[in-house]
Each structure stands twice: as C-alpha cells, then as structure tokens.
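The values are calculated or read from the model by the stated rules, or taken from the named source; none is laboratory data. As the structure is a prediction and not an experimental result, all values here were calculated from the model. All Cβ positions, glycine included, derive from the backbone under ideal geometry; neighbour counts span all protein chains shown. Please note that ligands, DNA and RNA were not included when accessible areas were found on the heavy atoms of the full protein model with its side chains. Shrake-Rupley method; radii C 1.70, N 1.55, O 1.52, S 1.80 Å.
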Amino acid sequence: MVEYANINDAVNGAMVYVVAVSVVLLLLITVLMVTFVIKYHKSRHPVAAQVESHTLLEILWTAIPAVLALSMFYFGWVGYKMMRTPPPDAMEVTARAQMWSWSFEYENGKKSTELYVPVGEPIKVNIVALDVLHSFYIPAFMVKQDAVPGFDQFVWFQPEEEGTFNIFCAEYCGTRHSFMMSKCIAVPPAEFATWVETDVSVVPPPSEDATEEERLAQMVLAGERLSVLKGCNACHSIDGSPLVGPTYKGLYGKTETVITGGEPRKITVDAAYIRTSILDPNADITEGYQPVMPSQEGLLNDDEINALVAYLKSLQ
Ligand SMILES: [Cu+2]
C-alpha cells in the first residue's frame, strides 16, 4: 500500500509513474520497430512467411499491458482516495464563489477575501457557489474543484512552506471571469492564530463614548470593507460608471424605475429598498440591467446590512 505525505506527492507520484511506464514502452516499441525494419527488409527477407499464432506470446501481450494499465489506475486511485479523505482534524474554511470574487469564512466567523492558512496543518476548504458554476483552483497545492450551486464541494491540502500562492476560478463564469482571482497566504501557525482572532466582526461594536458622527463614520468604513469582502465592487462602481450593476454613486435617494413581477414602477431608493435589493435582488430589477446579482440572504446580519446602507448613503 502506497502512502503519500501530501496531495502534491500523490499527484506527482501518479504522474511520474505514468510517464515512466510510457517512456519504457516508447523505447521498447521503437527499438523493436527499428530492429524489425532492418531484419525483415526486402533485401534480406524477400519472401513473406506465414506466421501461425503463438499462444504464450498472446497471453503475455494481453496480460502485461493489463497489469501495467491497472497499476497506473492503482496510483491514481490511491491519490484520489487521499484527496477525498480530509484528515478529521483539518481546519475548516468556507470558500464562497460568486460572480466575480472569492470570499472566505473561518471557523470563528472571521471573513477575508484572501485565504490565510497556517503552514504544516491540513486545511479543508468547503466550496459554495452563490450563483453560477465556478471552480476553485490553487495550482501550487494541486487542487481544483468545481463550485456548483446547490452542491457542497470541498478540497483539502496541507501547505508545507510559507508563501503566497495564486487562487483562480477555473470555470468560465461570465464577463469578468478572468478577474476572479485571489491569493492563498500560508503563514506560521502562531501568526495565523493572531490574524484569525483580529477584526472578527466586520462591524465593530460602537464604543461607549463615541459621538453620533464617529459611529456613523465607523459604519461607513465597515460598509466599505463589506463591499470588498462580499464582492459587491465587482459589479458596482463608486465613481458613477455603470458596470454589470448600477453605480453606487448618488444611488441613495434617487428616483428610478424598477421591474417588479414584470411591471415597471417608480421607486425612491431608501434603506428598505437597499435591504430588499441585497437580500432578494430579483424582487425589483433595476430597469436596463440583468438579474444576475447573487442574494446575500443568510450571509449578512442586520449590522452588516445597516453598514452597507450607511456606506451607500455616504456616496453622493
Ligand atoms: Cu468564477
């Protein structure tokens, strides 16, 4: 029974074995071919001979390739089984894929847009798609897994050294697919432990002696961070230019036409409307836009929604 230390070794092991077998076969076949071409050339062997079947030879050339093919399967199988069996003590992180960003949530509720992991520990990444098909891909750790809406998927890996590694979306998911990148940052376990306990909630509890103005400023700042953490800024600009979604600039207080249940109606953008837009984006579709915004139902608490409203309100 072959045992690998980590997934990279398993993938490389299967790869090297298949290549080695292929090279041996290539050499064997080439040598035989050249030998036969010379040995049985018309000048030396003018009359064709009728060759009867040879049972032992036929058994051998069936059995040997069968064993070789099965042995390749064996190495693939061992590696695959390892990939599908995360160690029970693995640290769990949820990776959320949406058009066109990744966000990560750790066991204590801390959120980030880059995946921080402790070196030398197994990490299990639970992969959730909020809208369409995506694919979670870290080339350095040789893991790639489709993110399928409605199906929970996972990968696991163990970073062996410190460093920053690319994360890609490996499934075409629309206009800004190629922007859907992030980083996996492997740091020493002690550094990770400090990091994951810092700024656990995005919206800090207001300090007792803060003035109303200071509290508002805090909310706006938290809203701005959330807009990045939740990938809103992939579709909404703050400078007035429309992207996939309407710009945030001047949105609050604006009167506009939305399509509700197929019927156009006029509304004024206020806190309640923004709240519905975030939790149930398809209830009212802003005229001239496609219904592609992923719902944040269950992914944002009230404080966070209020912070987003405060942030949007500040962008006049
Ligand atoms: Cu994607």
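F136 - would you say it is of a type in the set (F, W, Y) and closer than 22 Å to S295 by Cβ?
Values: of a type in the set (F, W, Y): yes; closer than 22 Å to S295 by Cβ: yes.
The answer is yes for F136.
May I ask you to list the residues in segment 124-140 that are open to solvent by less than 10 Å² (accessible area, probe 1.4 Å) and either touching a Cys at 6+ places or on another chain (Cβ under 8 Å) or farther than 16 Å from S103 by Cα (or both)?
The answer is H134, S135, F136, I138.
Tell me, yes or no, whether segment 191-210 has at least one residue that is farther than 26 Å from E92 by Cα and either among the charged types (D, E, K, R) or touching a Cys at 6+ places or on another chain (Cβ under 7 Å) (or both).
Within segment 191-210, one or more residues are farther than 26 Å from E92 by Cα and either among the charged types (D, E, K, R) or touching a Cys at 6+ places or on another chain (Cβ under 7 Å) (or both).
Are any residues in segment 116-135 in contact (Cβ under 8 Å) with a residue 40 or more places away in the chain, within 15 Å of the ligand (Cβ to nearest atom) and not charged (D, E, K, R), and if so, which ones? Spell out how you get there, then give the answer.
Of all residues in segment 116-135, those in contact (Cβ under 8 Å) with a residue 40 or more places away in the chain come to 116-121, 130-134.
Going one step further and asking which of them are within 15 Å of the ligand (Cβ to nearest atom), we end up with 130-134.
Once the filter is applied, which keeps residues that are in contact (Cβ under 8 Å) with a residue 40 or more places away in the chain, within 15 Å of the ligand (Cβ to nearest atom) and not charged (D, E, K, R), segment 116-135 yields L130, V132, L133, H134.
List every residue pair whose Cβ atoms lie under 9 Å apart, where the two residues are 6 or more positions apart in sequence or sit on different chains, the first residue falls within segment 44-57 and is among the aliphatic types (A, V, I, L, M), and the second residue, located anywhere, is surrounded by fewer than 10 Cβ atoms within 10 Å (Cβ to Cβ).
Correct list of pairs: empty, since none qualify.
Name, by its number, the condition in (1) in contact with a helix residue (DSSP H, G or I) (Cβ under 7 Å, 6 or more places away or on another chain); (2) within 18 Å of E105 (Cβ to Cβ); (3) not aliphatic (A, V, I, L, M) that does not hold for R176.
(2)
Would you check which residues across segment 145-173 are open to solvent by 20 Å² or more (accessible area, probe 1.4 Å), within 15 Å of the ligand (Cβ to nearest atom) and more than 19 Å from E105 (Cβ to Cβ) and list them?
Going residue by residue through segment 145-173, those that are open to solvent by 20 Å² or more (accessible area, probe 1.4 Å) are 145-146, 148-154, 158, 160-166, 168, 170-172.
If we keep only those that are within 15 Å of the ligand (Cβ to nearest atom) too, we end up with 145-146, 148-149, 153, 166, 168, 170-172.
D146, N166, F168, A170, E171, Y172, listed by residue number.
How many residues, within segment 75-103, are open to solvent by less than 40 Å² (accessible area, probe 1.4 Å) and free of Cβ contacts under 8 Å to residues at least 40 places away in the same chain?
Qualifying residue count, segment 75-103: 3.
Being among the aromatic types (F, W, Y) and over 27 Å from E3 (Cβ atoms) is the filter here; which residues of segment 13-72 pass it? Working first, answer last.
Here is the first cut: in segment 13-72, the residues among the aromatic types (F, W, Y) are 17, 36, 40, 61.
Of everything in segment 13-72, those that are among the aromatic types (F, W, Y) and over 27 Å from E3 (Cβ atoms) turn out to be F36, Y40, W61.
Looking for whichever is touching a residue at least 12 places away in the same chain (Cβ under 8 Å), part of a helix (DSSP H, G or I) and hydrophobic (A, V, I, L, M, F, W, C) here; the options are F192, F168. Which one fits?
Numbers: F168 fails: part of a helix (DSSP H, G or I).
After applying the criteria, what remains is F192.
Just to be sure I understand, how many residues within segment 176-189 are within 16 Å of the ligand (Cβ to nearest atom) and either in a helix (DSSP H, G or I) or open to solvent by 80 Å² or more (accessible area, probe 1.4 Å) (or both)?
Matching residues across segment 176-189 total 4.
If you take the residues in segment 135-164 that are outside any strand (DSSP E or B) and among the small types (G, A, S), which one is farthest from the chain's Cα centre (by Cα)? Even if it seems obvious, please write down each step before you answer.
At the first step, the residues of segment 135-164 found to be outside any strand (DSSP E or B) are 139-142, 149-150, 152, 158-162.
With among the small types (G, A, S) added as a condition, the list becomes 140, 150.
Working: A140: 13, G150: 15 Å.
By that ranking, first place goes to G150.
Please pick out the residue among G261, G231, G298 that is more than 30 Å from A95 (Cα to Cα) and among the small types (G, A, S).
Working: G231 fails: more than 30 Å from A95 (Cα to Cα); G298 fails: more than 30 Å from A95 (Cα to Cα).
From the options G261, G231, G298, the qualifying one is G261.
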